[in-house]
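This report refers to the structure that appears directly beneath it.
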2 protein chains.
Amino acid sequence: MILTFGRIIEQLTAGIHTLDRTVDKLEPGCMETEVQGIVTAFSASQYVIEQAVALGANLIVTHEGVFFSHQDNREGLENDPVYKQKAELIASSRVGIYRFHDYLHRYTPDGVMKGLLRELEWEKYVTQHQPHVSILTIPTMEVREVAEYLKRQLQISYVRVAGKLSTSCCRVGILVGYRGSGATAIPLLEQESLDLIIAGEGPEWETPEYIRDAVHQGRNKALIMLGHAESEAPGMNYLADLLSLQFPELPIHFVKDEPVYQIV
Amino acid sequence: MILTFGRIIEQLTAGIHTLDRTVDKLEPGCMETEVQGIVTAFSASQYVIEQAVALGANLIVTHEGVFFSHQDNREGLENDPVYKQKAELIASSRVGIYRFHDYLHRYTPDGVMKGLLRELEWEKYVTQHQPHVSILTIPTMEVREVAEYLKRQLQISYVRVAGKLSTSCCRVGILVGYRGSGATAIPLLEQESLDLIIAGEGPEWETPEYIRDAVHQGRNKALIMLGHAESEAPGMNYLADLLSLQFPELPIHFVKDEPVYQIV
């Protein structure tokens, strides 16, 4: 049986309630094209596309948008040389690109979360999966120790911490991607009696400012920001493994980009 | 003549076209209250409010929202202990708090930008002020040198850099606060032939991912993220000096908070 892009996407979205609005889409690409190989990545960067071509993969499954926008807004990019060169590479390499964001987040538990927990070897500590957060009870340790553990497990060179490094924590909430925003993260601290939130990204004037006030009031609350890609790339690594189990005849690779930021 | 909150706010907003929609407001506070002293700050944190009380100031002029939200959305905070303790401090200390965000950004040039440029001693390099960006031609230096200069001038311990540290730059765009978003920042690189963007904050999947691709394509483009507060607090320091000139009889202080994040 020929495996098509459509068959892969059917498998990726199987069992998920159809979303009326979603950023997920195959573009460019045609459902009937035969899959030669798959690359999964946090972002379909120029490097990732080149790697896919080098690996003989003709389908890239990316979590974030190809052109630096969640809603794929390309206004102002039409004559941009970086945009044009990337668009030309995509066209000439004839890869299909499937943006796989919303549906993956609707796996039970969230597929991106599952990938992160797997990489942290923390699935055993989960006490509850909620749609946007997983609640964990970890062995009590200081925030400094948690930060070092996260860096080691995820192989990242830094994390950003709000609160005191000496804060003891055992009740932890993990939120991947941009769920570090105040509306999502702040209420959890009280409702779930969390000591620590570990998130991907969020506005700096929201959750970390709350933590600042909480600490100044003498409360043991802390926040570790991993970085957006750092929190979600493990999910795309997990997805590559999942696809490899489902389609053992296909070459399937997770491609990891360098961190987008370095600290100076 | 008695100086009231209303008189201060009248002065702060003088000559600015009235905005139909704005987050700026005096809350709590009464226009008729006599000003004893003013504290300006990036954020009216618990610490800043305590400092204002200690300094005998009864009016705090804050750039960001008091309760961790740009639109002052307090949903989910009603029973939050951090929120309640902060609200009680504000009520018992009887300070007035004036959120001064939109109008300050509409100064010509943007008051927040002016404060940052002053602290950087880079006003002399400005070639054009646009509403959301200032374009500079600085003496050619490497991104690494710019990063070190920014840290020294702003007295901050780190910046985040996308791109190569060895990139030479002389055409620089500066965007304060959350203007590091893709829609605002990316088109400038081409339109203004910028080598480097220096911004406060922005989504990680937008501008830095563009820079990643640009660099991978062999282009000399770079981005330095200062941090939101790091980019805007100098504007509130500048504002304190401006108010001191306008109201020399009043005690007026800029209060600086610790950085909200530390790097581990």
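Every number here is computed from the coordinates shown, using simple stated rules; none is lab data. Predicted model only: the values in this text are computed from it and were never measured. Quick reminder, even Gly has a Cβ in these numbers, built from the backbone with ideal geometry, and neighbours come from all protein chains shown.
Results, tabulated for the structure shown:
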quantity	calculated
log₁₀ of I(q)/I(0) at q = 0.07, 0.11, 0.17 Å⁻¹ - chain A, Debye sum with one point per alpha carbon	-0.27, -0.64, -1.29
Average beta-carbon neighbours from other chains, 10 Å sphere, peptide B:198-209	6
Sorted peptide list for A:248-259, A:55-66, criterion being average Cβ within 10 angstrom, highest first	A:55-66, A:248-259
Choice from B:Gly96, B:Gly177, B:Gly218 with maximal GNM fluctuation in chain B (Cα, 10 Å cutoff)	B:Gly218
Surrounding net charge for A:Glu34, when Lys and Arg each add one and Asp and Glu each subtract one, Cβ distance under 14 Å	0
Partner aspartates and glutamates for B:Lys114 [C-alpha distance under 17 Å; skip if fewer than 8 residues away on the same chain]	B:Asp102, B:Glu123, B:Glu230, B:Glu232, B:Asp241
Interchain or long-range residues, amide H under 5 Å from B:Phe254's placed H	B:Thr40
Chain B: antiparallel DSSP beta bridges as a percent of all, rounded to 5	45 percent
Region B:84-133 versus region A:95-171: alpha-carbon centroid distance in Å	35 Å
Surrounding net charge for A:Gln85, when Lys and Arg each add one and Asp and Glu each subtract one, Cβ distance under 10 Å	0
With 5 Å bins from 0: P(r) over region B:1-135, alpha-carbon pairs, percent	2, 9, 17, 20, 19, 14, 11, 6, 2, 1, 0
Gaussian network model of chain A, Cα within-10 Å springs - most flexible of A:Leu120, A:Leu175, A:Leu239	A:Leu120
Proximal lysines relative to B:Lys164, as straight alpha-carbon distance under 18 Å, when same-chain residues fewer than 8 apart are discounted	B:Lys151, B:Lys221
Rg/Rh (Cα only; Kirkwood hydrodynamic radius) as it applies to region A:111-225	0.92
Label 7 Å beyond Cα on the Cβ vector: A:Gln36 copy-to-copy distances, nm	7.6
Inter-copy separations for A:Glu78, label at 7 Å along Cα-Cβ, nm, ascending	4.9
MRE, 222 nm, helices only [DSSP H, n ≥ 4, -39500 (n - 2.57), over chain A, to nearest 500]	-11000 deg cm²/dmol
Residue of chain B whose Cβ sits closest to the axis mapping B onto A, with distance in whole Å	B:Ile263, 3
Average Cα contact separation per residue, chain A, under 8 Å, 6 or more apart, as relative contact order %	20 percent
Fraction of antiparallel bridges per DSSP, region A:105-233 only, in percent to nearest 5	60 percent
GNM result for chain B, Cα springs below 10 Å: residue of B:Glu88, B:Glu34, B:Glu145 fluctuating most strongly	B:Glu88
Per-q log10 I(q)/I(0), the protein assembly as shown, q = 0.12 Å⁻¹ (Debye; single scatterer per alpha-carbon; no solvent)	-1.16
